[in-house]
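Engineer: I have a structure I would like to understand better, so I am pasting it below and will then ask my questions one at a time.
Readers should treat all values here as calculations from the given coordinates under stated rules, not as data from a laboratory. Not measured: the values here are computed from a predicted model. As a convention, Cβ positions derive from the backbone with ideal geometry for all residues, glycine included, and neighbour counts pool all protein chains shown.
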Amino acid sequence: MINIKVKCFSQVKYALGADELTFQLDDNTTSIDLEKIIRKKAGKKLNNVSLRIAINKKYQKEEIVLQNGDEVVFIPPVQGG
Amino acid sequence: MIITPEVLNKQKNDFTIIDVRSDEERQNFPLLGLDTILSSYDESINVAGKKVLVCQFGIVTEGMIIEKNINNAFSLLGGAQAWVEYYNENKDLSRWTRQIVLPEIGIEGQKKLLNCQVSIIGMGGLGCPVAQSLVMAGIGKLKLIDDDFVSISNLHRQPLYSFQDVNKKKILAAKSKLKALNPEVTIETDDVFFDDKNGEELLLNTDVIIDATDNIKSRQRIDQISKKLKIPTVYGALFRFEGQVSILNVNGSAGYNELFPNSNTNGEDSCADAGVLSMLPAIIGNIQALEAIKLIVGINNNLIGKLLMYDGMNHKTEVIEL
């Protein structure tokens with residue numbers, strides 16, 4: 001098992017109702033798996049919201065296997081100005 | 001009391017001018033065009049009548065006049081450095097002396113700001129503080145692009161507009177306020193909605209683009225033109241108590257369309273739908289202005305290739321390497 005911290009911003013924060021969450025996940029869980037978990041937890045609140053992902057402060061273009069202790073940020077586009 | 005180089009030049013015969021600098025500073029920055037007497041910080045000033053005290057940056061003499069209670073004395077704003085610039089190039093930069101004294105800015109940095117054109121797309125919550133701060137910092141030329149009118153609901157977060165401006169064009173109300181802040185700034189206004197047809201022409205001759213728009217389509221459009229014209233964009237966006245800032249498209253660095261490819265939202269995140277507290281646009285807009293200044297001056301510690309996420313509710317920030 002691995003422990004992952006998710007830092008929540010913008011729509012993700014409001015959808016999940018928390019600034020930070022920790023997850024205990026199976027080994028070999030990927031970033032896409034985690035996104036599915038997040039979306040399921042958010043119910044419909046993240047429907048149609050694109051999410052990009054950063055792991056340990058680095059933007060990730062591709063799916064990546066998460067490691068124990070990783071810090072994950074989901075980045076939604078925000079449009080207000 | 002202070003006096004600027006420009007005013008001193010006009011009235012120099014009315015003053016005794018006292019140079020309190022070190023010999024080395026006098027050699028490196030001679031006060032050409034002024035008849036001076038020499039003194040120092042430690043000496044008492046026993047000159048009757050009106051006098052101007054000159055140090056290197058205009059800061060020591062301001063304090064000296066107060067501490068030593070020197071009567072009829074003025075401190076030269078910006079000091080010898082500002083005088084030399086005025087004498088050689090007929091430019092009075094003394095009003096920016098408090099930022100010129102920063103080693104990261106200096107006279108050369110200030111000149112870069114004066115010679116730069118910044119175009120702001122969107123004169124709403126972000127555009128107002130960006131424009132205000134850039135003009136105060138001494139940007140030489142600003143282009144304001146927006147076709148919107150001022151409405152009452154804008155006033156809580158758009159500080160360039162007042163009740164008298166409601167129903168006026170934003171760009172015209174903004175221009176008037178900005179010219180009051182610095183009459184020497186050149187402000188061009190374009191009363192159009194930025195789109196695919198006009199975008200490229202609008203941004204010709206621009207050095208830095210400020211993305212202060214409020215929708216993803218405009219941001220994607222700006223990114224395409226920013227890439228095509230090879231002009232960097234300082235991106236900013238808001239959501240409730242939060243904001244994002246990045247410098248995009250600098251020598252091939254990531255742009256908006258790489259950061260948010262094929263992006264969607266659920267349409268509930270605009271300021272009108274999600275709400276926005278009045279301070280957030282000011283915070284994020286000023287970070288955009290700060291990044292623009294660093295980019296123009298050439299300060300390398302900046303947000304090129306990075307995304308700043310800021311949450312004003314808990315003051316958490318995240319800087320993500322793109």
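Engineer: Taking the Cβ of each residue in B:Ser246, B:Ser94 as the centre, tally the other Cβ atoms inside 10 Å and list the residues starting with the fewest. Don't skip to the end; give the middle numbers.
Structural biologist: Numbers: B:Ser246 29, B:Ser94 24.
Ascending number of Cβ neighbours within 10 Å: B:Ser94, B:Ser246.
Engineer: Still on this structure, please answer the following. Only Cα pairs under 8 Å and at least 6 apart count here; give the relative contact order of chain A as a rounded whole percent. Kindly include the intermediate steps, with their values, before the conclusion.
Structural biologist: Working: 133 pairs, mean separation 33.5, N = 81.
In percent, rounded to a whole number, it is 41.
Engineer: What translational diffusion coefficient, to the nearest whole µm²/s, does chain B have by Stokes-Einstein, given a Kirkwood radius computed over alpha-carbon pairs, a temperature of 4 °C and 1.567 mPa s viscosity?
Structural biologist: Numbers: Rh = 21.6 Å.
Value of D from the Cα-based Kirkwood radius: 60 µm²/s.
Engineer: In what sequence, highest mean first, do B:288-295, B:63-70 appear when ranked by Cβ atoms within 10 angstrom? Let's see the in-between values first.
Structural biologist: On the way: B:288-295: 24.5, B:63-70: 13.6.
Highest to lowest by the protection proxy: B:288-295, B:63-70.
Engineer: So how tilted is helix A:31-41 from the main axis of chain A? Cα-based, degrees 0 to 90, rounded to 10.
Structural biologist: For helix A:31-41, the angle is close to 50 degrees.
Engineer: Round to the nearest 0.05 the FRET efficiency obtained for B:Leu172 and A:Asp27 when R0 = 41 Å and r is the Cβ-Cβ distance.
Structural biologist: Working: r = 62 Å, r/R0 = 1.51.
After rounding to 0.05, the efficiency reads 0.10.
Engineer: Does anyone have the angle between helix B:279-297 and the longest principal axis of chain B? Alpha-carbon axes, 0 to 90°, nearest 10?
Structural biologist: Around 60 degrees separate the two axes.
Engineer: Per q in 0.13, 0.24, 0.28 1/Å, what log10 I(q)/I(0) does a Debye calculation on the alpha-carbon atoms of segment B:44-114 return?
Structural biologist: Reported log10 I(q)/I(0), two decimals: -0.40, -0.99, -1.20.
Engineer: Additional query: Take the Cα radius of gyration of chain A and divide it by 2.2 N^0.38 Å, with N its residue count; two decimals is plenty.
Structural biologist: On the way: Rg = 12.0 Å, N = 81, 2.2 N^0.38 = 11.7 Å.
Ratio of Cα Rg to 2.2 N^0.38 Å: 1.03.
Engineer: Taking B:Lys50 as the anchor, which aspartates and glutamates have their alpha carbon closer than 18 Å to its alpha carbon, excluding any fewer than eight residues away along the same chain?
Structural biologist: B:Lys50 reaches B:Glu6, B:Asp14, B:Asp19, B:Asp35, B:Glu62, B:Glu67.
Engineer: Given a cut-off of 31 Å, name the pairs among A:Lys61/B:Lys143; A:Lys41/B:Lys217; A:Lys57/B:Lys143 whose C-alpha atoms lie farther apart than that in the structure shown.
Structural biologist: Details: A:Lys61/B:Lys143 35 Å; A:Lys41/B:Lys217 29 Å; A:Lys57/B:Lys143 35 Å.
In this structure, A:Lys61/B:Lys143; A:Lys57/B:Lys143 exceed 31 Å between Cα atoms.
Engineer: Using only the Cα atoms, what convex hull volume per residue in Å³ does the protein assembly as shown have? Write down the numbers at each step before the final one.
Structural biologist: Details: hull volume 69.2 nm³, N = 403.
Taking the convex hull of the Cα positions in the protein assembly as shown, it is 172 Å³ per residue.
Engineer: What does the structure give for B:71-80 when I average, per residue, the other chain Cβ atoms found within 10 Å of the residue Cβ?
Structural biologist: On the way: counts 0, 0, 0, 0, 0, 0, 0, 0, 0, 0.
Mean shielding by partner chains, rounded to a whole number: 0.
Engineer: Still on this structure: So how long is each side of segment B:167-314 along the principal axes, counting just the alpha-carbon atoms, biggest first, in Å?
Structural biologist: Reported extents, whole Å, longest axis first: 39, 36, 34.
Engineer: So what is the relative contact order of chain B, in percent, for Cα pairs below 8 Å that sit 6 or more residues apart?
Structural biologist: 14
Engineer: So if a site counts as exposed when it's one of the trypsin sites (Lys or Arg not before Pro), its DSSP state isn't H, G, I, E or B, and it has at most 16 other Cβ atoms within 10 Å, what's the longest stretch of chain A without one?
Structural biologist: Numbers: sites that count: A:Lys44, A:Lys45, A:Lys57, A:Lys61.
Within chain A, the longest run free of exposed trypsin sites (Lys or Arg not before Pro) spans A:1-43.
Engineer: If each residue's Cβ is checked for other Cβ atoms within 10 Å, how do B:Asp165, B:Asp190, B:Asp147 rank with the fewest at the top? Can you show the working numbers first?
Structural biologist: Values: B:Asp165 21, B:Asp190 17, B:Asp147 13.
Fewest-to-most Cβ neighbours within 10 Å comes out as B:Asp147, B:Asp190, B:Asp165.
Engineer: Measure nothing fancy, just the Cα-based angle from helix B:170-181's long axis to the longest principal axis of chain B, in degrees from 0 to 90, nearest 10.
Structural biologist: So the inclination is approximately 20 degrees.
Engineer: A follow-up question, please. Over 29 Å between Cα atoms, which of A:Lys13/B:Lys306; B:Lys141/B:Lys230; B:Lys111/B:Lys230; B:Lys177/B:Lys227 qualify?
Structural biologist: Numbers: A:Lys13/B:Lys306 21 Å; B:Lys141/B:Lys230 19 Å; B:Lys111/B:Lys230 22 Å; B:Lys177/B:Lys227 32 Å.
Violating the 29 Å Cα-Cα cut-off are B:Lys177/B:Lys227.
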